[in-house]
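I have placed the structure first, in the form of structure tokens, so that the comments after it can refer back to it.
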Amino acid sequence: MKSDFIWMDGEMVPFAEANVHVLAPTLHYGVGVFEGIRSYQTPNGPAVFRLRDHVQRFLDSIQVLGVLDYPHSLPEIQQAVFDTIHANGLTECYIRPIMYLDGPLGLNIDLSTPKLAIAAWEWGPYLGAEAQISGIHMMVASLSRLHPNVNMTKSKITGNYANSMMVKSIALRSGYDEAVILDTAGYVAECTGENIFMVRNGIMYTPPTASVLEGLTRDTVIKLATDLGIPVAEEMITRDQLYIADEVFITGTAAEIVPAVKIDYREIGTGRPGEVVESLLKSYLDTVHGQGKRSDEWLEYVPAKNPG
Ligand code: PMP
């Protein structure tokens, strides 16, 4: 997670100096918003995958949080992402924009000043390249996922990730790789930083978006599956439906696509990654690397550095 510069409100700040005051409201109350985006190498140079959609979700998250009159526009943030990639000499990287609140400590959003920082660094698949090939073991978490009327689920508000971090840490301490989190009604929602899919009798299922983040990888995978002729249904799923599925896999920008071959000590299907997840992973990697049918639709090429 190291790079040379972090973009902070228009300035390229050296990594070690990119600091925020300890009394910033975001640190105390979890009132920040972030995104996770990836850039990939393609035959036509580096390109950011679904940049516009990520920046739009970032602005939507800010809207959900209720910060009024956010000063940075979509094109400005897109340009700042490209500038950050250039400043750090990166091609394949993970990009992390964050909106944080500066100003007096207190619970009134309107008294604080919204800021923007963008970091980027080289980062392989979040759960490891091996996990994509061999699959992972997940547990079902004892904590529930956020209720839409407590911490809204359509936004990447930093405070929402207290739930993710507590769940993920218990999973890792217990020897699992990741956790499935159920919604407050007991239905499968999502994982700590990924959406979830299962396959049964040739049909791919994923929970509807009501109580989960509208993942861009989720959307990508649904479209790639449709292109491959795999039927997709958005339906409520129970934990026992996961146990008896033929395949389970999870999706996210950081993790990409990862098969779950065991859940709560039950082998899923054959206990090895299935053919649906394998074909989707291939199609996904081709697409993000500029070799897929939909690559042009989704890739935004990093413009050559302005000589000025
Ligand atoms: N759910 C949660 C809770 C997440 O944090 C993420 C990661 N952004 C996802 C799902 C997957 O979203 P995406 O595919 O857009 O990265």
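Worth pointing out:
- Within the stretch 170-204, the residues that satisfy the criterion of being of a type in the set (A, V, I, L, M, F, W, C) and either open to solvent by less than 10 Å² (accessible area, probe 1.4 Å) or at pLDDT below 95 (or both) are Ala171, Ala179, Val180, Ile181, Val188, Ala189, Cys191, Ile196, Phe197, Met198, Val199, Met204.
- Conditions (1) within 14 Å of the ligand (Cβ to nearest atom); (2) under 15 Å from Pro114 (Cα atoms); (3) of a type in the set (Phe, Trp, Tyr); number of the one not met by Phe49: (2)
- Annotation: Met139 fulfils all but one of (1) near the ligand (Cβ under 10 Å from one of its atoms); (2) touching a Phe, Trp or Tyr at 6+ places or on another chain (Cβ under 9 Å); the unmet one is (1).
- Every residue from the stretch 272-299 that is surrounded by fewer than 18 Cβ atoms within 10 Å (Cβ to Cβ) and either assigned to a loop (DSSP other than H, G, I, E, B) or among the acidic types (Asp, Glu) (or both): Arg272, Glu275, Glu278, Asp286, His289, Gln291, Lys293, Arg294, Asp296, Glu297
- Applying the criterion of at least 1 residues that are open to solvent by less than 50 Å² (accessible area, probe 1.4 Å) and within 30 Å of Leu182 (Cα to Cα) to the strands (runs of 3 or more DSSP E) found wholly in the stretch 85-157 leaves 93-102, 136-144.
- The number of residues in the stretch 174-203 that are among the polar types (S, T, N, Q) and either without any contact (Cβ under 8 Å) to a residue 40 or more places away in the chain or near the ligand (Cβ under 9 Å from one of its atoms) (or both) comes to 3.
- Pair list, Cβ < 7 Å and 6+ apart or interchain, from the stretch 205-223 residues that are at pLDDT 95 or above and open to solvent by 40 Å² or more (accessible area, probe 1.4 Å) to residues that are of a type in the set (Gly, Ala, Ser) and more than 11 Å from the ligand (Cβ to nearest atom): Tyr205/Ala233
- Filter result (within 15 Å of Ala120 (Cα to Cα), open to solvent by 20 Å² or more (accessible area, probe 1.4 Å) and not polar (S, T, N, Q)) within the stretch 43-81: Pro46
- Just so you know, in the stretch 253-268 the residues that are on the phi < 0 side of the Ramachandran plot and open to solvent by 10 Å² or more (accessible area, probe 1.4 Å) include one that is nearest to the ligand (Cβ to nearest atom), and it is Thr253.
The values are calculated or read from the model by the stated rules, or taken from the named source; none is laboratory data. Since the structure is predicted, the reported quantities are computational estimates derived from the model, not experimental observations. All Cβ positions, even for glycine, are placed from backbone atoms using ideal geometry, and neighbour counts span all protein chains on display. Each accessible area value is taken on the protein alone, full model and side chains, heavy atoms only, with ligands, DNA and RNA left out. Shrake-Rupley method; radii C 1.70, N 1.55, O 1.52, S 1.80 Å.
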